[in-house]
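Peer 1: This is the structure I want to talk about, given as structure tokens.
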Amino acid sequence: MINKVKLENLSYYYKDKKAVDDISLSLHSGKFLTILGPSGCGKTTVLKLIGGYLSPAKGSIFIDGIDITSTGACSRKIGMVFQNYALFPHLTARKNIAFPLEIRRLPKNECIKKVDAISELIGLSQKELERNPSELSGGQQQRVALARALVFEPHLLLLDEPLANLDKELRTKLRSELRRLQKDIKITTIMVTHDHEDALSNSDFIGVMNQGKLMQINDPKIIYDNPHSVFVANFLGETNIIPANLLNISRSAMAHIRPEKIKIENYASECNWQKKGTVTAITFMGADFLIELITNEGAQLKILSRNPPLFSVGSTITMGIDIESVWLIPDTLKDL
Ligand code: ATP
């Protein structure tokens, strides 16, 4: 099976600054890849290289097995939603959405049909289509940008932090709508974000970037449970990284265990490894309580518990860990 998208040893410099450093990846048709990483790590630059807005210093880009590295942006049939949406302020939503069809010289009645069809799918009303971007909410502007990226039926959709400018409630709603739409129209999608929740909840695959490099790429569950490095472990959410010997594991490595995998009190007795610890903090997080404790060996651990704790700071409690929940971070293993 030919990959829909394949990047081979892609590198890019802004003057002498290396923004993208030898990135290779491939993605099958219809899949959703999220590139996750901190601000400035090179995510947007990767999207701009794929979209044809920048030319790589080194490496190649293939779509459906064809090398498009030197093909112009307009001929790539790739839809892109930019971080600030980049809507034309003086054009109505309808005219913004029709723009990619007009530059491809589609007959007017075809344009109207296609704009109406994609707007209905995305949830934009006829009234909203007649407004200029400044008369639309952030969520509506995001829909217009998405409709404009999809109206010409691209092979690939690129999304640059599409949810970044929205409040939390709208963000969660549009996140699941985006995923449903992506699955319905089966469009191969690459999204970039710095938000691990967006990445974990939406993607078939996550690629974690740092300082221009792709650190790890895999399905969300594997990246979350089995990170290759301390950086990836930390970037995917709250976690515990402690020397393995503090968990009675005789390897020279850092052990990784997510806070929700550690059990306390009665539940600890179900685990195959138990320890006593002193509670140092209890924080109410809404759905969960974050309990921090320190074991007698000096391991500082964070634990997420659904149940309100029946103990207070300073109490000694039992915590339990199933040894299969512990992952020794490969990049830290010294005695292999
Ligand atoms: P953010 O999440 O903040 O958008 P990013 O991960 O998308 O960041 P890029 O925008 O790809 O990162 O930038 C990668 C690096 O290249 C950063 O250090 C940035 O400062 C630098 N950079 C980006 N655009 C330019 C430019 N036009 N000229 C010079 N340096 C640039």
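Quick note: the coordinates plus some simple rules give every number you see, no bench work behind them. Only a predicted model underlies this, so the values are computations on that prediction, with no experimental measurement involved. Reconstructed Cβ throughout: ideal geometry from the backbone, glycine too, with neighbour counts over all protein chains shown.
Peer 1: Would you look at the GNM of the chain, springs on alpha carbons closer than 10 Å, and say which of F82, F32, F289 moves the most?
Peer 2: Judging by the Gaussian network model, the answer is F289.
Peer 1: Still on this model: If you take every DSSP beta bridge whose two residues both sit in region 3-234, what share of them, in percent to the nearest 5, is antiparallel? It would help to have the intermediate numbers written out before the result.
Peer 2: Numbers: 19 of 37 bridges.
Taking every DSSP beta bridge within region 3-234, about 50 percent pair in antiparallel fashion.
Peer 1: What residue among I103, H90, F205 has its Cα farthest toward the positive end of the dipole of region 3-234, where the charges are +1 on Lys, Arg and -1 on Asp, Glu, each on the Cβ?
Peer 2: I103
Peer 1: Okay, next question. Using the count of nearby Cβ atoms within 10 Å as a rough guide to exposure, how do C271, C74, C41 rank from fewest to most?
Peer 2: Values: C271 19, C74 11, C41 24.
Ordered by Cβ neighbours within 10 Å, fewest first: C74, C271, C41.
Peer 1: Could you give the length gained by full extension between E130 and S250, i.e. 0.36 nm per residue of separation minus their alpha carbon distance, to one decimal place?
Peer 2: Details: separation 120, 0.36 × 120 = 43.20 nm, distance 6.72 nm.
Residue separation times 0.36 nm, minus the Cα-Cα distance, leaves 36.5 nm.
Peer 1: Using a 10 angstrom cutoff on alpha carbons, build the Gaussian network for the chain and name the most mobile of S24, S55, S125.
Peer 2: In the Gaussian network model the winner is S125.
Peer 1: Counting other beta carbons within 10 Å of each Cβ, put M254, M1, M285 in order, fewest first.
Peer 2: Values: M254 20, M1 5, M285 10.
Neighbour counts put them in this order, fewest first: M1, M285, M254.
Peer 1: R0 = 22 Å: FRET efficiency of S137 with A117, Cβ-based, nearest 0.05? Let's see the in-between values first.
Peer 2: Numbers: r = 23 Å, r/R0 = 1.03.
With R0 = 22 Å, the Cβ-Cβ based efficiency is 0.45.
Peer 1: When the dipole is taken about the Cα centre of the chain, and only Lys, Arg (+1) and Asp, Glu (-1) are charged at their Cβ, what size is it in debye, to the nearest 20?
Peer 2: Numbers: 41 positive and 37 negative charges, 204 e Å.
Charge dipole, the chain, about its Cα centre: 980 debye, nearest 20.
Peer 1: Relative contact order for region 241-292: what percent, with Cα pairs under 8 Å and sequence separation of 6 or more? It would help to have the intermediate numbers written out before the result.
Peer 2: Values: 37 pairs, mean separation 9.8, N = 52.
Relative contact order for region 241-292 comes out at 19 percent.
Peer 1: With charges set only on the Cβ (+1 for Lys and Arg, -1 for Asp and Glu), what does the dipole of region 203-336 come to about its Cα centre, in debye to the nearest 20? Walk me through the numbers before you get to the answer.
Peer 2: Details: 11 positive and 14 negative charges, 46 e Å.
For this selection, approximately 220 debye.
Peer 1: Cα gyration tensor of region 20-72, axes a ≥ b ≥ c as square roots of the eigenvalues: rounded (a/c below 1.5), prolate (a/b > b/c) or oblate? Please report the intermediate quantities before stating the final value.
Peer 2: Values: a/c = 1.87, a/b = 1.16, b/c = 1.61.
Cα axes put region 20-72 in the oblate bin.
Peer 1: Please go through the residue pairs K17/K95; K4/K213; K168/K302; K186/K302; K43/K108 and name each one whose alpha carbons sit more than 30 Å apart in this structure. Numbers along the way, then the final one.
Peer 2: Working: K17/K95 38 Å; K4/K213 22 Å; K168/K302 25 Å; K186/K302 40 Å; K43/K108 37 Å.
As for pairs spanning more than 30 Å Cα to Cα, those are K17/K95; K186/K302; K43/K108.
Peer 1: State the extension gain, in nm to one decimal, for the chain segment bounded by S312 and D22, taking 0.36 nm per residue of separation less the distance between their alpha-carbons. Don't skip to the answer; put the middle values down first.
Peer 2: Working: separation 290, 0.36 × 290 = 104.40 nm, distance 5.06 nm.
Full extension of this stretch gives 99.3 nm more.
Peer 1: When the Karplus curve 6.51 cos²θ - 1.76 cosθ + 1.60 is applied with θ = phi - 60°, which whole-Hz ³J(HN,Hα) does each residue of region 298-311 get, with x for Gly and Pro?
Peer 2: x, 7, 8, 10, 10, 10, 9, 10, 6, 8, x, x, 9, 9
Peer 1: What order do you get for V279, V151 when you list them from fewest to most C-beta neighbours inside 10 Å?
Peer 2: Final ranking by Cβ density, sparse to dense: V279, V151.
Peer 1: For region 108-165, which GluC sites (Glu not before Pro) are in a loop by DSSP, counting at most 13 other Cβ atoms within 10 Å? Intermediate values should be presented prior to the final figure.
Peer 2: On the way: sites: E110, E120, E128, E130, E135; in loops: E130.
Those satisfying the criteria are E130.
Peer 1: Here's another thing I want to ask about it. Determine the shape class of the chain: with a ≥ b ≥ c the square roots of the Cα gyration tensor eigenvalues, call it rounded for a/c under 1.5, and otherwise prolate if a/b is greater than b/c, oblate otherwise.
Peer 2: Note, shape of the chain comes out prolate.
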